[in-house]
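A quick write-up on the structure given underneath.
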Amino acid sequence: MSANVLSEVRQALPNLSSAEARVADAIIADPGIVVDLTITELAIVCNTSLSTVARFCQTLGYSGYREFRMEVAGALSREAAERDRFGLADSDIGADDSAEDVVAKIAFHEVLAIEQTVKGLDTVVLDGVVDAIIGAGHVDLYGFGASGLTAQDLQQKLGRIGISAACSVDVHLALVSAALRKPTDVAIGISHSGLTAETHHTLEVARDAGATTVAITNSPDSPLAELADFVLTTRARESTYRMGAMSSRIAQLALVDFLFVRVAQRREDVAVPLRRTREVTASHRIPSRRRTAG
């Protein structure tokens, strides 16, 4: 069962039939209609058939509309409790919201993204990725746009503990690196949608070269995930003012931290490279000015 059924609906959307997608779009726009409407009424609203609604529920892994409806009701109740925690009546940002409202709503979405990512995280898969990184000769990281920031963050963290890792925001350089991967290497592609063409292409090249492949994505059924030996899934949702792009980055960065700490736990010599890199960066800081008595 999904950690959050509403996230499950969003993740499934790219792979649904056109009729099922109409049901998903209606639910994403107003999840409350599932609680308020019978299956017959929902089918009418979505201009589709009862069998399509039933098939949509089964596609998501539920026995039928009744079970799906109960799960949506529970998810809405939990989300309402979370909004109360942040003092919010509505979580969507509006053009007339005050600065206080904007801050509270962004915090709500980002905390929710991390909490749902944690609830849905498969720690067996997480440790499988950790094992692959520990045994790798080299780790390549592919991410573009907002996901490129996550890729660079993981590259920096791995580099700090002496693991050979590379990340390039230039797709041509990333492709060159991917083509040179070996079966002893790991390639990690990061994309919120799982549909970013550049990330998909580079991970595909790395896979064809023999590398162990990992996808970090919000869409576990996406084309990117299909390329991966291991899939780590975030659970960030899109909303007004590109909330998805912001909360997805927070969820990705949380996953990066989970990975890094597990890798660091497994490396006995981690204290040495951390101390050395800390010392060398500290030596290049600009000295603070001190006032002298005049």
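Put simply, the Cα atoms of the chain extend 73, 62, 34 Å along their principal axes, the longest span coming first. Residues in region 174-183 carry Karplus couplings, in order, of 5, 5, 4, 5, 4, 5, 9, 5, 10, x Hz; the curve used is 6.51 cos²θ - 1.76 cosθ + 1.60 with θ = phi - 60°, and Gly or Pro positions show x.
Taking all protein chains as shown and a probe of 1.4 angstrom, F260 keeps an accessible surface of around 40 Å². Ellipticity at 222 nm from helices only: DSSP H runs of n ≥ 4 in the chain, each -39500 (n - 2.57), divided by the residue count, give -18500 deg cm²/dmol.
With a cut-off of 19 Å, note down the residues of region 199-237 whose backbone N falls inside the zone around a label point 7 Å from the Cα of L88 toward its beta carbon. Residues passing the 19 Å test: 234-237. Cα-based values for region 163-212, radius of gyration first and Dmax second, are 10.2, 28 Å.
In this view, the solvent-accessible surface of I134, computed with a 1.4 Å probe and all protein chains in place, comes to about 50 Å². Ranking of M70, M246 by solvent-accessible surface, largest first: M70, M246 (1.4 Å probe, protein heavy atoms only, all chains present). Once the 1.4 Å probe is applied to the protein heavy atoms, the chain comes out at 50 Å² accessible per residue. Dividing the alpha-carbon radius of gyration of region 38-98 by the rule-of-thumb value 2.2 N^0.38 Å gives 1.49. Taking 28 Å as the straight-line reach from the Cα of K182, the lysines in range (excluding those fewer than 8 positions away in the same chain) are K157.
Residue ranking by accessible heavy-atom surface, 1.4 Å probe, largest first, among R66, R10, R22, R249 comes out as R66, R22, R249, R10.
For the set K182, K157, solvent exposure ranked by accessible area (probe 1.4 Å, protein chains only) runs largest to smallest as K182, K157. Our analysis of region 136-231 gives Rg over Rh at 0.92, with the two radii drawn from alpha carbon positions and Rh computed by the Kirkwood formula. With the whole protein complex present, S248 retains an accessible surface near 10 Å², based on a 1.4 Å probe. The calculated FRET efficiency for L253 paired with E100, based on their beta-carbon distance and R0 = 25 Å, is about 0.50.
In summary, the lysines within cross-link reach of K119, defined as a Cα separation below 23 angstrom excluding same-chain residues under 8 places away, comprise K105. Of the accessible area of region 1-65, computed with a 1.4 Å probe over protein heavy atoms only, carbon and sulfur atoms account for 55 percent.
The values are calculated or read from the model by the stated rules, or taken from the named source; none is laboratory data. Keep in mind the model is a prediction, meaning the values are calculated, not measured. Positions of Cβ are backbone-derived with ideal geometry, glycine not excepted, and every protein chain shown enters the neighbour counts. Surface accessibility is based on the protein's heavy atoms, side chains included, excluding ligands, DNA and RNA. Shrake-Rupley method; radii C 1.70, N 1.55, O 1.52, S 1.80 Å.
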